[in-house]
1. Anything in segment C:104-114 that is within 14 Å of chain B (Cβ to nearest Cβ) and either modelled with pLDDT under 95 or within 23 Å of C:GLY25 (Cβ to Cβ) (or both)? List them, or say none.
2. Could you grab me the full set of residues in segment D:121-149 that are surrounded by 13 or more Cβ atoms within 10 Å (Cβ to Cβ) and closer than 21 Å to D:GLN68 by Cα?
3. Restricting to segment C:109-136, give me the number of residues that are of a type in the set (Gly, Ala, Ser) and either closer than 12 Å to C:HIS63 by Cβ or in a strand (DSSP E or B) (or both).
4. Since D:ILE91 meets every condition but one in (1) under 23 Å from D:GLN8 (Cβ atoms); (2) surrounded by 24 or more Cβ atoms within 10 Å (Cβ to Cβ), which condition does it not meet?
5. In this structure, is A:LEU39 hydrophobic (A, V, I, L, M, F, W, C), in a loop (DSSP other than H, G, I, E, B) and surrounded by 14 or more Cβ atoms within 10 Å (Cβ to Cβ)?
6. Test C:VAL117 against the criterion of being at the interface with chain B (Cβ under 10 Å from one of its Cβ atoms), more than 27 Å from B:VAL74 (Cα to Cα) and of a type in the set (Val, Ile, Thr), and give yes or no.
7. Against the definition (surrounded by 15 or more Cβ atoms within 10 Å (Cβ to Cβ), in contact with a strand residue (DSSP E or B) (Cβ under 6 Å, 6 or more places away or on another chain) and within 28 Å of C:GLU89 (Cα to Cα)), how does D:VAL82 come out, yes or no?
8. If you take just the strands (runs of 3 or more DSSP E) that sit entirely in segment D:1-103, which of them hold at least 3 residues that are touching a residue at least 60 places away in the same chain (Cβ under 8 Å) and either more than 12 Å from the chain's Cα centre (by Cα) or at the interface with another protein chain (Cβ under 7 Å from one of its Cβ atoms) (or both)?
Amino acid sequence: MNLLYFAWVRQKVGKSEETLELPDGVSTVRALAQHLSMLGPGYAEAFADPGRLRTAVNQEHATFDTTIGPDDEVAFFPPVTGG
Amino acid sequence: MNLLYFAWVRQKVGKSEETLELPDGVSTVRALAQHLSMLGPGYAEAFADPGRLRTAVNQEHATFDTTIGPDDEVAFFPPVTGG
Amino acid sequence: MSATIKIQGEDFDIAAELAALAKGGADIGAVATFTGHVRADDGLTALVLEHYPAMTAREIARHVAEAQARWPLRGVTILHRVGRLAPGERIVLVAVAASHRGAAFEACQFLMDYLKVHAPFWKQEERGGVARWVEAKPADADAAARWRQ
Amino acid sequence: MSATIKIQGEDFDIAAELAALAKGGADIGAVATFTGHVRADDGLTALVLEHYPAMTAREIARHVAEAQARWPLRGVTILHRVGRLAPGERIVLVAVAASHRGAAFEACQFLMDYLKVHAPFWKQEERGGVARWVEAKPADADAAARWRQ
């Protein structure tokens, strides 16, 4: 699957994009975020407080309960501040 | 006093502006309109239905009850339609 | 706060007007504008606008002052055309600058609603050789009245 | 209805955008626009905007479709800049054309309110050498929520 990070999530993770094999037992955005939080100190910091994060699955706003599959594009970012 | 007419009031009266001595006994816009309505067929038509008319005294919106004096500028017109 | 009020026959340069308005200060974050255009309703061939020059600018300035008292504004530009206009031409521009968008949007609507029912302009529609004075719309009076609630 | 959505680094020509929008038909009587500008709040020296390109245009198109379903619109133009902007520069343009002003004003506000809380843009403020991510404002969430009532 394709992962994207924006704003301070991108800065903490240290990259804007990466590809990942969907880990065993991961079928929701929440489980994916928990998995990512264990990949290193930058990830741990970025995913420490899921309440501060928003997500999109396949370029549409989603929630941490949204189901994901191996071919999905999942993005993590703080609440948007455009306009 | 100075009188001004706009839109169809101007067309019916046949002029856009005129000066007039304040007639004896006229102290309100309503009395002035009644006086004007007797000055000829164009005036009669223009002032036939005061409910269709609006007025301004000295360049400010006024009512037919507004008191007027000999040096005032009084305008008669239909409801405005700008913008 | 800067206020620019112009009544003119010729068309206006909206980019130049907005650039002048935006010069009003570093704390301008929001500019709301409205432009009215002549619609080609039912075969309309021209719109002819007359006004009461001695009263128009005063009346509009009064509305601008009221808007300024109600919202924290950084600048207002109001331009209204008079004379003969063809379908598609612009009639009016109301532009309001503020720090935040709520004030800019509300004041812009307020000013348009007030112009419609208070500013001394009158429109005549021409269709071929036939001229007809536009009647005031009750909906416009209602739109202006809601600001009094 | 025409819809123009552009995400770009460079500034935009508002007069050209409005002229293109007004070509949308003879029954356009009202164009409401909003432009957002970079405020020089507290010594801000630059605003840096990033976005999620694959999602941005889709998300904005979805909002335009919703606005079109709610109001009788004749055209919408949305332009959003990304990259580094200096104080005073324009960030965003939302322009809505309709036959009547009520629809144009409401749809323009709706689109701005929705952009603010749904479009995937993020702002970083720079003051001298210090950068800080802008936090989402609860007031913006409230402004968007009122369209659901």
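The values are calculated or read from the model by the stated rules, or taken from the named source; none is laboratory data. Given the structure is predicted, the values throughout are model-derived calculations rather than measurements. Note that each Cβ is placed from the backbone with ideal geometry, even for glycine, and that neighbours are counted across all protein chains shown.
1. Answer for segment C:104-114, where residues must be within 14 Å of chain B (Cβ to nearest Cβ) and either modelled with pLDDT under 95 or within 23 Å of C:GLY25 (Cβ to Cβ) (or both): C:CYS108, C:GLN109, C:PHE110, C:LEU111.
2. Within segment D:121-149, D:ALA143, D:ALA144, D:TRP147 meet the criteria.
3. 2
4. (2)
5. Judged against the criteria, A:LEU39 is a match.
6. Taking the combined requirement at face value, the residue does not satisfy it.
7. No; evaluated as a whole, the condition is false for this residue.
8. Those strands (runs of 3 or more DSSP E) span D:2-8, D:30-37, D:46-51, D:73-81.
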